[in-house]
Amino acid sequence: MADSSFDIVSKLDRQEVDNALNQAAKEVANRFDFRNVDAGIKWSGESIEIQANTEERANAVLDVLKDKLVKRGISLKAIDPGEPRLSGKLYKLGVGLKEGISQEDAKKIGKIVRDEGPKGIKAQIQGDELRVSSKKKDDLQQVIALLKSKDLDVALQFVNYR
C-alpha cells in the first residue's frame, strides 16, 4: 500500500487580504473618530501602509485591519506590523505579509512531528513547505491535531491530503 501524505504550507489568500483592506479603508473613512486625522490604509507594493496624524490613531487603524482580517479567516500570524514612525506630519506604519515556511520553522515543525507524533511518520522539507507522510491516514490526522494544538509563529494550512 502506498504512503498517505499531506503538505504543510503557509500561504495567504491575496484576494481575501485585499477584501479585508478595502473593508478597513471604508470603515476608517466613515468612522467619526477618524474624521480630520488624515487616517488611511492602502497597499504599498507587497505590503500594507497605514497612516494617521498620531501614533495612537495609526495603531487604531491597525486594529481595524486586524479585525477585518480575522473576520475573513486570515490568521494574524500572517501579518508583521512594524512600529509607527514619523514621516513629515504623519505617522506611518508598515504591515508586512508573511508567506512560506522559513527553514528554521520547517526544522522546528519537523522536530515536533518526529518527537511527539506517532511512530513511522516522515517529514521532509521541500522549499518553503513541509511534506508529512505515513502508511496510516489516522497517524496523519494525529499530526494535524498535534500541530494545531501547538503555538507556532507561522499560520499553517494543511493541503494535498492523500
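Extension gain for Gln103-Asp128 works out to 8.3 nm (0.36 nm per residue, less the C-alpha to C-alpha distance).
Across the chain, the fraction of Cα-Cα pairs farther apart than 29 Å, rounded to a whole number, is 35%. So which aspartates and glutamates pass the test for Lys77, namely a Cα distance under 12 Å, with those fewer than 8 places away in the same chain ruled out? Here the aspartates and glutamates satisfying the reach criterion relative to Lys77 are Glu99, Asp151, Asp153.
Taking a 24 Å limit on the Cα-Cα distance, which of the listed pairs Lys92/Lys150; Lys26/Lys71; Lys66/Lys150 fall beyond it? Listed pairs above 24 Å: Lys92/Lys150.
Angle check, please: helix 14-30 long axis (alpha carbons) against the longest principal axis of the chain (alpha carbons), in degrees 0 to 90, nearest 10. In the chain, helix 14-30 runs at an angle near 30 degrees to the longest axis.
Against the chain, whose longest principal axis is taken from its Cα atoms, helix 137-149 shows a tilt of about 30°. The fraction of accessible area contributed by carbon and sulfur in the chain is 47 percent, rounded to a whole number (1.4 Å probe; ligands and nucleic acids excluded). The residues of the chain have, on average, 58 Å² of accessible surface per residue, using a 1.4 Å probe with all protein chains present. Expressed as an acute angle from 0 to 90° and rounded to the nearest 10, what is the orientation of the C-alpha long axis of helix 103-116 relative to the principal long axis of the chain? Roughly 50 degrees, rounded to the nearest 10.
The values are calculated or read from the model by the stated rules, or taken from the named source; none is laboratory data. Because the structure is predicted, anything quoted here is derived from the model rather than measured. We work out accessible area using only protein heavy atoms, side chains counted, and drop any ligands, DNA or RNA first. Shrake-Rupley method; radii C 1.70, N 1.55, O 1.52, S 1.80 Å.
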